[in-house]
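Enquirer: Can you keep this structure in mind? I'll have questions shortly.
Computed from the coordinates by the stated procedures, all read-outs in this text should not be read as laboratory data. Because the structure is predicted, anything quoted here is derived from the model rather than measured. For neighbour counting, all protein chains shown are included, and Cβ atoms are generated from backbone atoms with ideal geometry for every residue, glycine included.
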Amino acid sequence: MGIDEIREKLERNVPKPIDVKNKYSVFIPFIEIDGNYHILYEVRAKTLNTQPGEISFPGGKIEKGENCVKAAVRETSEELLLPENKIEVFSRGDFIVNPYNSVLYSVVGRLNVDYNKIVPSKDEVDTIFTVPLEYLLNTEPKSYTLDLEVKHTKHFPYELIPRGRNYKFRRGRDNVLFYRYDDKIIWGFTATMTYNLIKKIRRT
């Protein structure tokens, strides 16, 4: 293979995170209630295999041929049983590359429906609730730290690296955010996405 062919292949390359196996997209939905804007959250169905009963935004896996916006709108439509033309997209938000070989995109927008008329899919959603935007703008989440350590495994070839089993692997640290609203606890990636968006709104 010549250098010109190599250059041509690399010129067409679109940069992407290395080792990401799964891509997900969530929709951060504003909704108007009694003249004030809220952000809507879901409590995931207790029958789901992944994170049953946890609080999240509408969203799910990005399917083949979709981008993050299309996936977020489709998943929101399926979970909240809303027509896609009632889901207004403002912009793409930021994304998280997590330690589980996945990337989580966010899309921000508005639900142009009456909140009291939303009847979500019971297969995916246990309940929905909203948090007033004013509350989020005036409330700082609590932050707690988790230390992440490397666990030695039996079949890793320690003899191939300097100092073998005594190699000083770097330890990570994860800051986990928590919001408490009434009896609801919003935490983890959902709280991080919320706080990141709120900080952007405060700056404008």
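Enquirer: Just one of Ile161, Ile128 is β-branched (Val, Ile, Thr) and surrounded by 15 or more Cβ atoms within 10 Å (Cβ to Cβ); which is it? Talk me through it step by step, then tell me what you get.
Expert: Working: Ile161 fails: surrounded by 15 or more Cβ atoms within 10 Å (Cβ to Cβ).
Only one candidate qualifies: Ile128.
Enquirer: Could you grab me the full set of residues in region 1-16 that are of a type outside the set (Gly, Ala, Ser), farther than 30 Å from Tyr105 by Cα and not in a helix (DSSP H, G or I)? Before you say what the answer is, go through the steps one by one.
Expert: Within region 1-16, the subset of a type outside the set (Gly, Ala, Ser) is 1, 3-16.
From what is left, the residues that are farther than 30 Å from Tyr105 by Cα are 1, 3-7.
Result: Met1, single match.
Enquirer: Assuming Leu82 fulfils every condition listed in (1) farther than 27 Å from Lys70 by Cα; (2) surrounded by 13 or more Cβ atoms within 10 Å (Cβ to Cβ); (3) of a type in the set (A, V, I, L, M) apart from one, which condition is it?
Expert: Of the numbered conditions (1) farther than 27 Å from Lys70 by Cα; (2) surrounded by 13 or more Cβ atoms within 10 Å (Cβ to Cβ); (3) of a type in the set (A, V, I, L, M), the odd one out for Leu82 is (1).
Enquirer: Additional query: So the check is Cβ under 7 Å with 6+ separation or different chains; which pairs have a first residue in region 174-187 that's touching a residue at least 40 places away in the same chain (Cβ under 8 Å) and a second one that's crowded, with 16+ Cβ neighbours inside 10 Å and small (Gly, Ala, Ser)?
Expert: Tyr179/Ala191
Enquirer: Something else about it: Considering only region 168-182, state which residues are surrounded by 11 or more Cβ atoms within 10 Å (Cβ to Cβ), more than 22 Å from Ile39 (Cβ to Cβ) and not charged (D, E, K, R).
Expert: We begin by selecting, within region 168-182, every residue surrounded by 11 or more Cβ atoms within 10 Å (Cβ to Cβ); these are 172, 174, 176-181.
Next, only the ones that are more than 22 Å from Ile39 (Cβ to Cβ) stay: 172, 174.
Within region 168-182, just Gly172 meets the criteria.
Enquirer: Across region 54-68, what is the number of residues that are part of a loop (DSSP other than H, G, I, E, B) and within 21 Å of Ser121 (Cα to Cα)?
Expert: Within region 54-68, the first condition is being part of a loop (DSSP other than H, G, I, E, B), and the residues that meet it are 54, 57-58, 62-67.
Right, trim to within 21 Å of Ser121 (Cα to Cα) and you get 54, 57-58, 62-63.
Of the residues in that region, 5 qualify.
Enquirer: Taking region 81-126, which residues are part of a helix (DSSP H, G or I) and within 28 Å of Asn22 (Cα to Cα)?
Expert: Glu84, Asn85, Lys86 - these are the residues of region 81-126 that are part of a helix (DSSP H, G or I) and within 28 Å of Asn22 (Cα to Cα).
Enquirer: Inspect region 83-93 for any residue being touching a residue at least 60 places away in the same chain (Cβ under 8 Å), out of contact with any strand residue (DSSP E or B) (no Cβ under 6 Å at 6 or more places or on another chain) and not aromatic (Phe, Trp, Tyr) and give the result as yes or no.
Expert: Yes, the conditions are met somewhere in region 83-93.
Enquirer: Criterion first (farther than 26 Å from Tyr179 by Cα, in a loop (DSSP other than H, G, I, E, B) and out of contact with any helix residue (DSSP H, G or I) (no Cβ under 6 Å at 6 or more places or on another chain)) does Glu78 satisfy it?
Expert: Details: farther than 26 Å from Tyr179 by Cα: yes; in a loop (DSSP other than H, G, I, E, B): no; out of contact with any helix residue (DSSP H, G or I) (no Cβ under 6 Å at 6 or more places or on another chain): yes.
No; evaluated as a whole, the condition is false for this residue.
Enquirer: Of all residues in region 3-50, count the ones that are touching a residue at least 40 places away in the same chain (Cβ under 8 Å), out of contact with any Ser or Thr (no Cβ under 8 Å at 6 or more places or on another chain) and more than 27 Å from Lys117 (Cα to Cα).
Expert: Result for region 3-50: 2.
Enquirer: Just to be sure before I move on: is Val73 part of a helix (DSSP H, G or I) and either among the charged types (D, E, K, R) or buried (at least 17 other Cβ atoms within 10 Å of the Cβ) (or both) in the structure I sent? Talk me through it step by step, then tell me what you get.
Expert: On the way: part of a helix (DSSP H, G or I): yes; either among the charged types (D, E, K, R) or buried (at least 17 other Cβ atoms within 10 Å of the Cβ) (or both): yes.
Criteria met by Val73.
Enquirer: Among (1) touching a Gly at 6+ places or on another chain (Cβ under 8 Å); (2) under 19 Å from Leu40 (Cβ atoms), there is one condition Thr194 misses while meeting the rest; what is its number?
Expert: (1)
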